Every structure is written in C-alpha cells, then in structure tokens.
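Q: Supplied in structure tokens, the structure appears directly below.
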Amino acid sequence: MSVRTKAAVLTVTAALAAGVGLTAVPAAASTTQGYISGGGPIEDDWTDEGTLSSTSHSRSNATALLQQILWAEGVKESNGTAFDYADIDGKYGANTTYAVKQLQKLYNRDFGAGLTVDGKAGKKTLGFASRNFLFDGGAGKVDYIGEKHVVTFKRSSGKYQLKVNNTRGWKVASYNTLNVV
C-alpha cells in the first residue's frame with residue numbers, strides 16, 4: 001500500500017472519528033496577498049493561487065514549497081533521476097520546469113486531472129496538489145502525502161509556512177521572498 005493510500009484511509013478514519021464537518025468557507029487567495037494562503041477545507045486551499053514559473057515568482061519560498069511537492073511525489077528531474085531534496089532551492093529553473101511537467105503528467109495519468117503539461121504551476125496544478133493533504137487541525141500542520149515522501153507544512157492565520165533547512169525554522173510561503181534555504 002502506497003504512502004498516499006495509507007494516508008487516505010487515515011484521513012477518512014480521522015474525519016469520521018472526530019465528527020469533522022466537511023463544509024466551510026472556501027479559501028480565497030491571490031499573489032497580491034504576497035503568500036500562499038488557505039482557509040476552510042484544505043483540499044481546495046491552492047485552487048486560487050498565483051502561477052509559479054521561470055518567469056513568475058521564480059525565486060521565492062512559494063517555489064521552494066512547490067519543489068517540496070515535487071520531491072514528495074518522486075517525479076523525475078531533467079537528468080532522469082528523482083527530484084532530490086537537495087534540489088529544493090527556491091529557484092524555478094529548467095530542472096524545476098521539467099519536474100513540474102512530470103508532476104502534471106503524473107496527475108493526468110493517475111487521476112485524470114486534465115492539466116496542461118506546460119511546466120508552470122498555476123491554479124489547476126497547485127489546486128490538484130492540495131487534494132493530497134492530511135490535516136492535523138490541533139497543531140495547524142498540513143501533511144502533503146506524495147507517492148514517495150510526506151512533507152509537513154503549517155497553516156497559521158491563513159498563511160502557509162514551510163521548513164526546508166531546520167536551522168532557519170518555519171518561513172511563510174511568500175511569492176516575493178526567498179529566505180527558507
């Protein structure tokens with residue numbers, strides 16, 4: 001059983017045990033807020049985020065967050081190997097573009113996502129990624145359940161936070177700042 005399958009079973013079990021309601025105010029975000037945001041049910045947190053690409057927010061904590069997803073999924077990078085944790089640098093270059101195309105192909109193949117395979121992480125690609133969340137509401141932590149790894153993010157006061165380098169601590173997933181690596 002894959003990490004994702006186990007997590008799905010745990011999510012349903014936890015929701016039923018806790019009596020969690022499945023309706024809430026939907027998330028609303030944009031790049032003008034300056035960070036990746038979320039509110040309400042986590043499975044639609046990123047359906048309204050800005051586009052990340054080699055020409056849009058290409059050096060940012062938001063890009064590092066996307067790179068953590070690429071690592072969690074175990075998608076291939078341009079040299080044919082798996083996207084490594086060492087590749088998480090917050091810079092949206094050719095390697096990240098290639099890996100995002102692989103992620104889009106993965107979502108299309110495994111889930112029928114209907115994504116355009118263009119190497120840009122926009123509302124549809126990021127929105128589809130947010131379907132792989134498992135939420136621990138008590139601690140404000142959100143786990144992304146990939147095919148190969150699990151990545152933990154924080155969602156606090158509507159702002160997503162990530163940690164790449166343990167010595168730097170939790171940082172807001174900003175569109176315009178790169179200080180997480």
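Q: Report the accessible area of Tyr98, computed with a 1.4 Å probe over the heavy atoms of all protein chains in place, in Å² rounded to the nearest 10.
A: In the full protein context, Tyr98 sits at about 90 Å².
Q: Tell me whether segment 99-181 comes out rounded, prolate or oblate; compute the Cα gyration tensor, take square roots of the eigenvalues as a ≥ b ≥ c, and use a/c under 1.5 as the rounded threshold.
A: Since a/c reaches 1.5 and a/b is larger than b/c, the shape of segment 99-181 is classed as prolate.
Q: Can you check what the net charge comes to around Thr63, using other residues whose Cβ is under 9 Å from the Cβ of Thr63 (Lys, Arg +1; Asp, Glu -1)?
A: Result for the neighbourhood of Thr63: +1.
Q: Which length gain, in nm to one decimal place, applies between Asn79 and Thr55 when the Cα-Cα distance is subtracted from 0.36 nm times their residue separation?
A: That pair, Asn79 and Thr55, stretches by 6.4 nm at full extension.
Q: Here's a follow-up. Can you compute 3J(HN,Hα) from phi for each residue in segment 143-158, using the Karplus curve 6.51 cos²θ - 1.76 cosθ + 1.60 with θ = phi - 60°, rounded to whole Hz and x for Gly and Pro?
A: 9, 8, 9, x, 5, 10, 9, 10, 10, 9, 10, 10, 10, 10, 6, x
Q: Sticking with this structure for a sec: With charges only on Cβ, +1 for K and R and -1 for D and E, what is the dipole size of segment 60-141 about its Cα centre, in debye, rounded to 20?
A: With only Lys, Arg, Asp and Glu charged at Cβ, the dipole is about 340 debye.
Q: Right, next: Quick one: what are the phi-derived ³J(HN,Hα) couplings along segment 87-101, Karplus 6.51/-1.76/1.60 with θ = phi - 60°, whole Hz, x for glycine and proline?
A: Values, residue by residue: 6, 7, 10, x, 10, 8, x, 4, 5, 5, 4, 4, 5, 5, 4 Hz.
Q: Could you tell me the accessible area of Lys159 in Å² (1.4 Å probe, neighbours in place), rounded to the nearest ten?
A: 70
Q: What is the local net charge at Tyr85, summed over the other residues whose Cβ is closer than 13 Å to its Cβ (Lys, Arg +1; Asp, Glu -1)?
A: Neighbour charge sum, excluding Tyr85 itself: -3.
The values are calculated or read from the model by the stated rules, or taken from the named source; none is laboratory data. Predicted model only: the values in this text are computed from it and were never measured. Glycine also receives a Cβ, built like all others from the backbone with ideal geometry; neighbour counts cover every protein chain displayed. Ligands, DNA and RNA are stripped out before the accessible areas are found, and what is left, the full protein with its side chains, is counted by its heavy atoms. Shrake-Rupley method; radii C 1.70, N 1.55, O 1.52, S 1.80 Å.
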